[in-house]
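First comes the structure, then the notes that go with it.
Read the figures in this text as sums done on the coordinates, not as results from a lab. Keep in mind that what you see is a predicted model, and the values were worked out from it rather than measured. Quick reminder, even Gly has a Cβ in these numbers, built from the backbone with ideal geometry, and neighbours come from all protein chains shown.
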Amino acid sequence: MTIPSLEGRKVALVHDWLNGMRGGEKCLEVLCELFPDAELYTLIHEKGKLSEIIESMKISTSFIQRMPFGLKKYRHFLPLFPLAIEQFDLNEYDLIVSSSHCVAKGVKHDDTVYHISYIHTPMRYVWDQFDTYFRQPRTSWSVKVAAEITRPYLQRWDRNSSKRVNTFLCNSQNVHWKIRDYYNRESQVIYPPVDLSYFKPGDSKDCYYLMVGAFAPNKRVDLAVKAFNRLKLPLKIAGSGQDEDYCRSIAANNIEFHSTLSNEKLLQLYQQARAFVFPGEDDFGITPLEAQACNTPVIAFASGGALETVSEKTGIFFKEQTEDALCEAVEEMERSWKDFSPEAFFRQTKQFGRENYKSQMAEAIDKGFREWKG
């Protein structure tokens with residue numbers, strides 16, 4: 001697929017960091033397909049952790065990459081992220097497309113460059129998810145103090161740097177309202193991609209429940225572990241991240257952890273799971289859609305992006321992020337998991353196809369660039 005107005009134009013892609021294939025990276029992968037000759041700028045790049053499409057790009061990293069423990073402990077350098085992203089010189093480009101949930105949208109450039117930004121979320125850890133990330137009982141006092149001190153600065157930078165963006169796109173109505181609240185800007189919703197040609201129903205169901213994703217504080221993997229400890233039902237968790245050690249330390253024997261999985265094994269887990277567990281508050285969340293594409297119902301916290309990706313015909317919602325509420329939802333699922341229909345799953349997921357995302361992104365970028373050029 002080509003974008004007529006951008007043929008022969010010089011394009012830069014910007015993404016926060018490259019160290020795994022999560023939802024944001026699946027969006028980036030499509031951008032790399034649209035602009036295979038673009039240069040990709042990012043804070044850090046852990047080679048070999050991305051898809052072949054992304055790894056084949058020309059990738060430039062920031063000074064965070066060269067800091068001591070920069071790859072493994074990059075989150076500790078959060079106060080330096082604005083400075084790091086602003087170090088890139090992008091004035092030679094005609095178009096910047098940023099894919100941002102942290103600082104990518106804050107790259108500097110002059111007025112001769114058109115910048116369109118796809119926002120996965122405004123910087124959640126300094127806005128609505130600050131308590132979840134930095135005010136937990138297990139958070140060290142030094143991290144709490146540092147977070148409280150730097151939060152006002154990061155909020156100001158996040159708001160002010162939004163003025164560098166010509167056009168905002170976003171992944172959900174949920175994020176659309178956040179962009180309006182935090183940046184006082186409008187945005188167009190384009191739902192992220194789900195590879196419906198790959199994620200499809202299997203032949204049988206097993207008795208286990210499944211979680212897939214990063215062990216980030218907002219994902220609330222700890223809540224799922226505590227609930228399934230109590231229920232003594234089998235739970236498989238696929239992923240890794242900053243809360244992994246803690247979650248492993250509190251898990252009973254009925255909970256299995258899978259840090260790395262092949263695509264084939266992950267698909268099998270989706271297909272055979274009794275239900276998918278999504279206890280966190282995410283801005284969108286692609287994994288519940290991948291589960292539904294495999295005819296696997298979802299147990300979701302009734303907030304954030306889950307309200308746009310899951311319906312009462314394809315899952316069960318719980319309204320409080322507590323062990324009691326999640327346990328009640330799982331017990332309800334034990335009684336009703338056979339009642340969800342393949343037709344309902346198909347209707348719910350078809351609007352989120354990968355080709356839909358690709359064509360809508362191409363159209364939005366083309367339209368925005370032509371209107372900007374006048």
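To the nearest 0.05, how large is the calculated FRET efficiency for Thr139 and Leu83 if R₀ is 30 Å and r is the Cβ-Cβ distance? Before the final figure, lay out the partial values.
Working: r = 24 Å, r/R0 = 0.81.
Taking R0 as 30 Å, the efficiency between Thr139 and Leu83 is 0.75.
Run the helix sum for the chain: -39,500 (n - 2.57) per DSSP H stretch of 4+ residues, divided by residue count, reported at 222 nm to the nearest 500 deg cm²/dmol.
Using -39500 (n - 2.57) per qualifying helix, the result is -11000 deg cm²/dmol.
Nearest 10 degrees is fine. How inclined is helix 221-231 to the longest principal axis of the chain, computing both from alpha carbons?
Tilt relative to the chain: about 0 degrees.
Let me have the relative contact order for segment 209-352, percent, based on Cα pairs under 8 Å that are six or more residues apart. It would help to have the intermediate numbers written out before the result.
Details: 258 pairs, mean separation 32.3, N = 144.
Relative contact order, segment 209-352: 22 percent.
Can you compute the charge dipole magnitude of segment 236-374 about its Cα centre, using +1 on each Lys and Arg Cβ and -1 on each Asp and Glu Cβ, nothing else charged? Give it in debye, rounded to the nearest 20. Don't skip to the end; give the middle numbers.
On the way: 15 positive and 24 negative charges, 147 e Å.
The dipole magnitude comes to about 700 debye.
For the cross-link pairs Lys72/Lys236; Lys10/Lys58; Lys200/Lys319; Lys26/Lys236, which exceed 19 Å when the distance is taken from alpha carbon to alpha carbon? Can you show the working numbers first?
Details: Lys72/Lys236 25 Å; Lys10/Lys58 13 Å; Lys200/Lys319 29 Å; Lys26/Lys236 23 Å.
In this structure, Lys72/Lys236; Lys200/Lys319; Lys26/Lys236 lie more than 19 Å apart at Cα.
Quick check for me: using +1 on Lys/Arg Cβ and -1 on Asp/Glu Cβ, what's the dipole size of segment 217-308 about its Cα centre, in debye to the nearest 20? Intermediate values should be presented prior to the final figure.
Numbers: 9 positive and 11 negative charges, 99 e Å.
Around 480 debye, computed over segment 217-308.
Using Cα-Cα distances under 8 Å and only pairs 6 or more residues apart, what relative contact order does the chain have, in percent?
Values: 703 pairs, mean separation 52.6, N = 374.
Relative contact order for the chain comes out at 14 percent.
Quick one: what do you get for the chain if you divide its Cα Rg by 2.2 N^0.38 Å?
Details: Rg = 20.5 Å, N = 374, 2.2 N^0.38 = 20.9 Å.
The reported ratio for this selection is 0.98.
With all pairs of different alpha carbon atoms counted, what Kirkwood hydrodynamic radius in Å does segment 209-352 show? Please report the intermediate quantities before stating the final value.
Working: mean 1/r = 0.0672 Å⁻¹.
The Cα-based Kirkwood calculation yields 14.9 Å.
Most mobile of His109, His120, His76 per a Gaussian network model of the chain (Cα springs, under 10 Å)?
Highest fluctuation among the options: His76.
Hey, how many Å between the Cα centroid of segment 120-158 and the Cα centroid of segment 12-83?
Cα centres, segment 120-158 to segment 12-83: 22 Å.
If each residue's Cβ is checked for other Cβ atoms within 10 Å, how do Trp177, Trp337, Trp17 rank with the fewest at the top? Each step should come with its number before you reach the end.
Numbers: Trp177 12, Trp337 18, Trp17 24.
Going from least to most buried by this count: Trp177, Trp337, Trp17.
Name the most mobile residue of Thr61, Thr309, Thr112, meaning the one with the largest mean-square fluctuation, in a Gaussian network model of the chain with Cα contacts below 10 Å.
Top of the fluctuation ranking is Thr112.
Kindly provide the pair-distance distribution of segment 26-137 built from C-alpha pairs, with 10 Å bins from 0 and whole-percent values in order of increasing distance.
It works out to 13, 41, 37, 9, 1, in whole percents.
If R0 is 22 Å, what FRET efficiency do you get for Asp203 and Lys49 from their C-beta distance, rounded to 0.05? The partial results should precede the final answer.
Values: r = 31 Å, r/R0 = 1.43.
The computed FRET efficiency comes out at 0.10.
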